[in-house]
Amino acid sequence: MAKKRNVKKDIEYLTFEVVADCFSALELYPDRKKDEIFDIISDAVKNGNDLMERVNKKNIGDKKAVKQHYREIYADLLKGADDQFTRLSKVISAKK
């Protein structure tokens, strides 16, 4: 089982990467839709905060339940980051 500290670091890392890529896109492509990029940033931060709350949840249950809880968190983290990166690439590649 992963340590809670490592799970939190992974959440922070991927959230930061999404936000950093969004700000890079704003600088590199100023003619693209800024509102959509800011929505992606907002969603990334909300997702990161929700996942952090789930990590800090107490009284999960026995050892199997704890492992399943962290597996679900990792799955949601990867799915959320992938969705946000996909949305960003669509905004960048879209024509004016």
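A short reminder: the numbers here are calculations on the coordinates, not readings from a lab. A quick note: this is a predicted structure, and the numbers were derived from the prediction, not measured. Virtual Cβ from ideal backbone geometry, glycine too; neighbours counted across all protein chains shown.
Out of all the residues in the stretch 66-75, is one or more β-branched (V, I, T), touching a residue at least 60 places away in the same chain (Cβ under 8 Å) and closer than 15 Å to K4 by Cα?
Yes, the stretch 66-75 contains at least one residue that is β-branched (V, I, T), touching a residue at least 60 places away in the same chain (Cβ under 8 Å) and closer than 15 Å to K4 by Cα.
If I go through the stretch 70-96 residue by residue, how many of them are surrounded by 13 or more Cβ atoms within 10 Å (Cβ to Cβ) and within 17 Å of the chain's Cα centre (by Cα)?
12
Restricting the stretch 1-54 to residues that are in contact (Cβ under 8 Å) with a residue 60 or more places away in the chain and among the small types (G, A, S), which is surrounded by the fewest Cβ atoms within 10 Å (Cβ to Cβ)?
A2
Are any of the residues in the stretch 59-75 of a type in the set (G, A, S) and at positive phi?
Yes: the stretch 59-75 contains one or more residues that are of a type in the set (G, A, S) and at positive phi.
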